[in-house]
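Report on the structure given below.
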Amino acid sequence: MLRYLIRRLLLLIPTLIGILTLVFIMLEAIPGDPAVALAGDKATPAQLDAIRKSYGLDRPILVQYLYYLKSAVTFDFGRSLRTHQPVTHELHQFFGAPIELSIAALMIALIVGIPLGVIAATRRNTPTDYFSMIFALIGISTPVYWSGIICIYLLSFRLGIFPIAGIMDSDISLRHITYGYVTDSILTGNWPAFKSSVYHLALPAIVLSTIPMAIIARMARSSMLEILELDYLRTARAKGLADRSVIIRHALKNALIPVVTVIGLQFGGLISGAFLTETVFARPGVGRYVVTAIGARDYPVIQATTLIVAVLFVLINLFVDLLYAYLDPRIHYE
């Protein structure tokens, strides 16, 4: 296991270099001049040259690329071309909230999706099965931004169950450590902030969880149907084990292997989905920050955000691979 882990971590290096190189090429291929985006169309040539020199945009492409790789290795991405603030500091402020939202949405998707798929499989071709799969189909087919608007109108504006927007009540202060509001309220023991931040997090997390919840439910159902037909489960039933024990202790663990793969992929998608969700619910986060950076051709921000998301994707996939060995002892990585 240790050798496999070291080998996978070493493979991270060429993977991330390839991603960074691709991002650099794509940014260079975008038409337009970052200096013009910063100074405006009425800037003089002297002002544009000063901006290019100040941010190293006048250097040869190869030199810019090498500096870009150096910044990625040292996690020092310089200053934003737009705000002139350190990119690492700004990302620390903006990334906490969407990560927290993604984790909350994944937990809801797991809590609802896996039992829903298992129940549908054990009650195959019954109204329960049909209802579960129709629910999953609706969840997959509904865009997050549309379901968010509908939920805001029905559950917030009409019924008043959840707040319409925001991340916490304005009259509550919170000392930030991770910039995840629920996490920071726990770390600082600020329970009014915890209650308010959870209250504001609930509806966005439910909306964001709908698509992964539906996908997990469908995968859990398909995997359980395949496992339930295997001989060892018939033997377990023949020995007199109760159906509940057969399903939970013997079938579910083996059925989770393909489900875990889907969960890893969905968590990566949740991070990008959180960008849309935070826009609909007016939550502060990295989504609007990155969109603004793209419009301003703010290279350091775009490059740093891409690197962080790529690292998260790769680490999640690595964790999923390691989890296979726990779920199925027949899997070895040596």
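Observations, loosely collected:
- Residues (in a helix (DSSP H, G or I), open to solvent by less than 40 Å² (accessible area, probe 1.4 Å) and either without any contact (Cβ under 8 Å) to a residue 12 or more places away in the chain or farther than 21 Å from TYR145 by Cβ (or both)) located in segment 291-305: TYR299, PRO300, VAL301, ILE302, GLN303, ALA304
- Close Cβ contacts (under 6 Å, 6 or more residues apart or on different chains) running from residues in segment 50-79 that are more than 16 Å from GLY18 (Cα to Cα) and without any contact (Cβ under 8 Å) to a residue 12 or more places away in the chain to residues that are part of a helix (DSSP H, G or I) and hydrophobic (A, V, I, L, M, F, W, C) are absent.
- Any hit, segment 248-262, residues being modelled with pLDDT of 75 or more, open to solvent by less than 50 Å² (accessible area, probe 1.4 Å) and closer than 30 Å to LEU91 by Cα: yes
- Residue that is least open to solvent (accessible area, probe 1.4 Å), among those in segment 11-20 that are of a type outside the set (Val, Ile, Thr) and under 19 Å from PHE75 (Cβ atoms): LEU20
For (1) touching a residue at least 60 places away in the same chain (Cβ under 8 Å); (2) within 25 Å of PHE275 (Cβ to Cβ); (3) not β-branched (Val, Ile, Thr), each residue gets a yes or a no:
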residue: ILE111; (1), (2), (3): no, yes, no
residue: PRO115; (1), (2), (3): no, no, yes
residue: ARG123; (1), (2), (3): no, no, yes
residue: THR126; (1), (2), (3): no, no, no
residue: ALA136; (1), (2), (3): yes, yes, yes
residue: PRO143; (1), (2), (3): no, yes, yes
residue: THR178; (1), (2), (3): yes, yes, no
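- Filter result for VAL207 (within 30 Å of ILE119 (Cα to Cα), open to solvent by less than 70 Å² (accessible area, probe 1.4 Å) and either touching a Cys at 6+ places or on another chain (Cβ under 7 Å) or in a loop (DSSP other than H, G, I, E, B) (or both)): yes
- The conditions of being touching a residue at least 12 places away in the same chain (Cβ under 8 Å), open to solvent by 70 Å² or more (accessible area, probe 1.4 Å), β-branched (Val, Ile, Thr) and assigned to a loop (DSSP other than H, G, I, E, B) are met by ILE164.
- Consider segment 145-159 and keep the residues that are touching a residue at least 40 places away in the same chain (Cβ under 8 Å) and within 19 Å of SER272 (Cβ to Cβ). The one that is surrounded by the most Cβ atoms within 10 Å (Cβ to Cβ) is GLY148.
- Among residues of segment 213-247, those that are closer than 24 Å to ILE103 by Cβ and either outside any helix (DSSP H, G or I) or open to solvent by 20 Å² or more (accessible area, probe 1.4 Å) (or both), counted: 3
- Any hit, segment 273-290, residues being open to solvent by 10 Å² or more (accessible area, probe 1.4 Å), outside any helix (DSSP H, G or I), under 30 Å from SER80 (Cα atoms) and of a type in the set (Gly, Ala, Ser): yes
- Among residues of segment 192-204 being under 20 Å from CYS151 (Cβ atoms) and small (Gly, Ala, Ser), the one that is surrounded by the most Cβ atoms within 10 Å (Cβ to Cβ) is SER197.
- Which numbered condition ALA242 fails, given (1) under 24 Å from GLY113 (Cα atoms); (2) free of Cβ contacts under 8 Å to residues at least 60 places away in the same chain; (3) touching an Asp or Glu at 6+ places or on another chain (Cβ under 9 Å): (3)
- Apart from one condition, ALA193 fits all of (1) within 15 Å of PHE281 (Cβ to Cβ); (2) assigned to a helix (DSSP H, G or I); the exception is (1).
- PHE94 being of a type in the set (Phe, Trp, Tyr), surrounded by 15 or more Cβ atoms within 10 Å (Cβ to Cβ) and more than 22 Å from GLY18 (Cβ to Cβ): yes
- Spans of helices (runs of 4 or more DSSP H) in segment 1-108 with at least 3 residues within 30 Å of ILE211 (Cα to Cα): 2-29
- Tally, over segment 167-191, of residues that are open to solvent by 70 Å² or more (accessible area, probe 1.4 Å), touching a helix residue (DSSP H, G or I) at 6+ places or on another chain (Cβ under 8 Å) and of a type outside the set (D, E, K, R): 4
The values are calculated or read from the model by the stated rules, or taken from the named source; none is laboratory data. What you see is a predicted model; the values in this text were computed from it and never measured. No Cβ is skipped: glycine too gets one built from the backbone with ideal geometry, and neighbour counts run over all protein chains shown. Side chains included, ligands, DNA and RNA excluded: accessible areas come from the protein's heavy atoms. Shrake-Rupley method; radii C 1.70, N 1.55, O 1.52, S 1.80 Å.
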